[in-house]
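The block underneath contains the structure these notes are about, expressed in structure tokens.
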Amino acid sequence: MQPSDSPLRPVTFHPEIPEIRFIAQTRLPEEYRVDSATNVSNLADAIKCLDIRGAPALGVAGAYGVALATLTSAASDPEIFQQEVSAAADLLKSIRPTAVNLFYGINRVLTVVKQEQTISSARDRAVSEAEKVADEDSRTCHAIGEHGRKVLPLSCRILTHCNAGALACSEWGTALGVIRTAVQAGSLVQVYACETRPLLQGARLTSWELAQDGIDVTVITDSMAASLMRKGMIDLVIVGADRITGDAVFNKIGTYMHAVCAHAHDIPFYVAAPFSTFDEESAEADIIVEERSRDEIASFGGRRTIPDTVNVYNPAFDATPVSLVTGIITEHGIFTLPDDLTEIRAIRKRSLQQDHDISL
């Protein structure tokens, strides 16, 4: 059981050991277990099997992973050291191609490592930058919560899909961060969490998180959402995002279905995500959607559910056109696409410049 007196932090870095510790999310809710990665290969395995998942958390894990690579490299030659760290970064980038935050965290730390001439200084910079990525994500999630709570009625019933909570971030959460902040401010919130097939992140993770906080949550199957909307049981939808292009929001498979249903029932549909999730210069057609293994669909509860001769299609994400999105809740406020694309680009440019200035 997660200690109730401390924030839920799914990924933490311990450079003095060195290792990355993470909540083994595939074990929840049956078992709360913290595992460790002592090298980048361990970390890659944890990301691949979804013990570490969620766009912002992947960004933090990627940043920590590059820092860990600098600490575990046995190279004494700076050139070989840089090659090893870059190879570790490439390995981490190859695991989850859709979630842009992973690349953001990795590139942030790799950039400062490449600026250093000595192995010692590169290690120091890597650890410092990785910790900044995590700290910034924490502040970002709380800012998203503050902006997002303003769109919630004082009493409301919210539908969410997959897990966009503390387990998907450094802490607090994006979509669930909005809910947590609203509840903390006194709002009466009831959450309907879609179970999120095939891996049940909503049933296993979102409901677990909200129950830990004493927030009213009811799990429904993904196919029940439209029925609840038609019955007037949903006031708004809030989900997270793994990548936001200029024309679409990529999130867990099933999100598009909920957006279409919300639109049909005139229900607001919000996305909560940090600015690091924007890939505003790309379009939906440019993005590779990760396809996962057959086993995730072909079995359930330890039983085979599909004949061996039957094919399976298992994309991890779908794309929701921005025309179906009421607003994107970020740490800088609430935006709509394509109307606010110029402003989003300007904010991104300023943020990138600030990051560049700090790294010099």
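The values are calculated or read from the model by the stated rules, or taken from the named source; none is laboratory data. This structure is a prediction, so every number in the text was calculated from the model and none was measured. Neighbour counts are summed over all protein chains in view; Cβ atoms, including those assigned to glycine, are modelled from backbone coordinates with ideal geometry. Protein only, heavy atoms only, side chains kept; ligands, DNA and RNA dropped before computing areas. Shrake-Rupley method; radii C 1.70, N 1.55, O 1.52, S 1.80 Å.
Taking the listed residues VAL151, VAL109, VAL100, VAL127, the one that is of a type outside the set (Gly, Ala, Ser) and open to solvent by less than 10 Å² (accessible area, probe 1.4 Å) is VAL109, with no other qualifying.
Scanning segment 239-283 for residues that are part of a helix (DSSP H, G or I) and of a type outside the set (A, V, I, L, M), we see that the one that is nearest to ILE344 (Cα to Cα) is PHE275. In segment 35-94, of all residues being hydroxyl-bearing (Ser, Thr, Tyr) and either part of a helix (DSSP H, G or I) or at positive phi (or both), the one that is least open to solvent (accessible area, probe 1.4 Å) corresponds to THR70.
Among the residues of segment 95-103, at least one is under 24 Å from GLY240 (Cα atoms), part of a loop (DSSP other than H, G, I, E, B), touching a Leu at 6+ places or on another chain (Cβ under 7 Å) and of a type in the set (Lys, Arg). The listed residues are GLU284, GLU290, and the only one of them that is open to solvent by 40 Å² or more (accessible area, probe 1.4 Å), in contact with a Ser or Thr (Cβ under 7 Å, 6 or more places away or on another chain) and not basic (Lys, Arg) turns out to be GLU284. Scanning segment 10-32 for residues that are within 20 Å of the chain's Cα centre (by Cα), open to solvent by 60 Å² or more (accessible area, probe 1.4 Å) and farther than 22 Å from TYR104 by Cβ yields a total of 4.
From the list THR206, THR196, THR181, the one residue that fits, being on the phi > 0 side of the Ramachandran plot, open to solvent by less than 40 Å² (accessible area, probe 1.4 Å) and of a type outside the set (A, V, I, L, M), is THR196. Counting only residues that are within 20 Å of the chain's Cα centre (by Cα), polar (S, T, N, Q) and within 22 Å of VAL271 (Cβ to Cβ), segment 190-241 holds 4 of them.
On the given criteria, is ALA273 closer than 27 Å to CYS49 by Cβ and touching a residue at least 60 places away in the same chain (Cβ under 8 Å)? Yes, satisfied.
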